[in-house]
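Worksheet for the structure shown next.
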Amino acid sequence: EGDILVDNKSIKEEPLECKRIMAYVADNPDLYENMRAIDFINFICDMYEVSEDIRRENTLKYAKMFEIEDKLNDDISSFSHGMKQKIALIAALAHNPKVLIMDEPFVGLDPKAVYDMKEIMRDMAKDGKTIFFSTHILDVAEKLCDRVAIIKDGTIVKVGKMKDIKGDESLEQVFLELGEK
């Protein structure tokens, strides 16, 4: 039911315009195994109509950050879960989305990549972009998020600004207390 406005556009009335400014990264990156990493990234960039200059610049920027620039010509089928996650993140970030939606984005990533992804998220937020991500790692949510929604059994049980939700407690304590109710 209802509607969602993305950049003041209705997802029902202007779905392509909304999708054009969004990116999604799943917790289990199901990529095209028979493609090379660079071909997958270019495929996604083609769908978003990313210019050659911007795609090259962003792909190289994130590939260097995630320390995989030497793997871009390798087949995706040869990659670990973490490598596939990095490729999915690069493909999502290549078009510089205004809205980034991620499900458990840190699963499978090495500690440096987790750190780098947190920095990317902070930079995007500073630039006025919106990031939605789900996580079971409440310490991460507490450190990164301005707003939080706690979901129990598929229902939002608490939503609001982080400082209002947790008060003087940790987010973990709040979550556990809500579980007891």
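At-a-glance table
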quantity	calculated
Filter on K86/K126; K86/K161; K19/K98; K126/K152 - keep pairs with C-alpha separation over 18 Å	K86/K126; K86/K161; K126/K152
Computed Kirkwood radius, in angstrom, where 1/r is averaged over Cα pairs of the chain	17.7
Cα-Cα over 20 Å, subset of K64/K84; K12/K158; K143/K163	K12/K158
Low-density loop cleavage sites - GluC sites (Glu not before Pro) in region 36-84, where at most 12 other Cβ are within 10 Å (DSSP)	E49
Compactness of region 122-181 as Cα Rg over 2.2 N^0.38 Å, two decimals	1.14
In Å², nearest 10: area of C18 left accessible to a 1.4 Å probe	0
The chain - share of DSSP beta bridges that are antiparallel (%, nearest 5)	50
Taking the convex hull of Cα positions in region 43-112, its mean projected area over all directions (nm²)	5.0
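The values are calculated or read from the model by the stated rules, or taken from the named source; none is laboratory data. Model, not experiment: these values are computed from the prediction. Neighbour counts run over all protein chains shown; Cβ positions are idealised from the backbone, glycine included. These area figures cover heavy atoms from the full protein model, side chains too; ligands, DNA and RNA do not enter into them. Shrake-Rupley method; radii C 1.70, N 1.55, O 1.52, S 1.80 Å.
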